[in-house]
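Heads up, the thing below is written out as structure tokens.
The values are calculated or read from the model by the stated rules, or taken from the named source; none is laboratory data. Treat the numbers as computed from the prediction; the structure is a model and nothing was measured. Protein only, heavy atoms only, side chains kept; ligands, DNA and RNA dropped before computing areas. Shrake-Rupley method; radii C 1.70, N 1.55, O 1.52, S 1.80 Å.
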Amino acid sequence: PILLKGILHPDDARRTIDAGMDGIIVSNHGGRQVDGSISAIEALPNVASAVNGQVPVLMDSGVRGGADVFK
């Protein structure tokens with residue numbers, strides 16, 4: 001199976017399915033690569049809704065510091 005990590009937007013989730021991925025990992029890579037991006041937990045409901053059960057949706061995230069709590 002191929003899972004695509006780094007999905008934060010519903011449109012990207014739909015494109016992932018169209019491209020034939022077997023699953024999605026909602027992640028902002030800890031906010032390190034894209035400082036100021038939305039949190040994964042904020043993106044999760046919209047991505048899951050867009051996927052509509054077609055593929056598994058996992059989430060890679062956590063609270064590691066004050067900036068994570070603030071986001």
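Does any residue of the stretch 18-34 turn out to be at pLDDT 95 or above, assigned to a helix (DSSP H, G or I), over 12 Å from the mean Cα position of the chain (by Cα) and not aliphatic (A, V, I, L, M)? Yes, there is a match, as at least one residue in the stretch 18-34 is at pLDDT 95 or above, assigned to a helix (DSSP H, G or I), over 12 Å from the mean Cα position of the chain (by Cα) and not aliphatic (A, V, I, L, M). For the stretch 39-56, state whether one or more residues are at pLDDT below 90, open to solvent by less than 50 Å² (accessible area, probe 1.4 Å) and under 11 Å from the mean Cα position of the chain (by Cα). Yes - at least one qualifying residue is present in the stretch 39-56.
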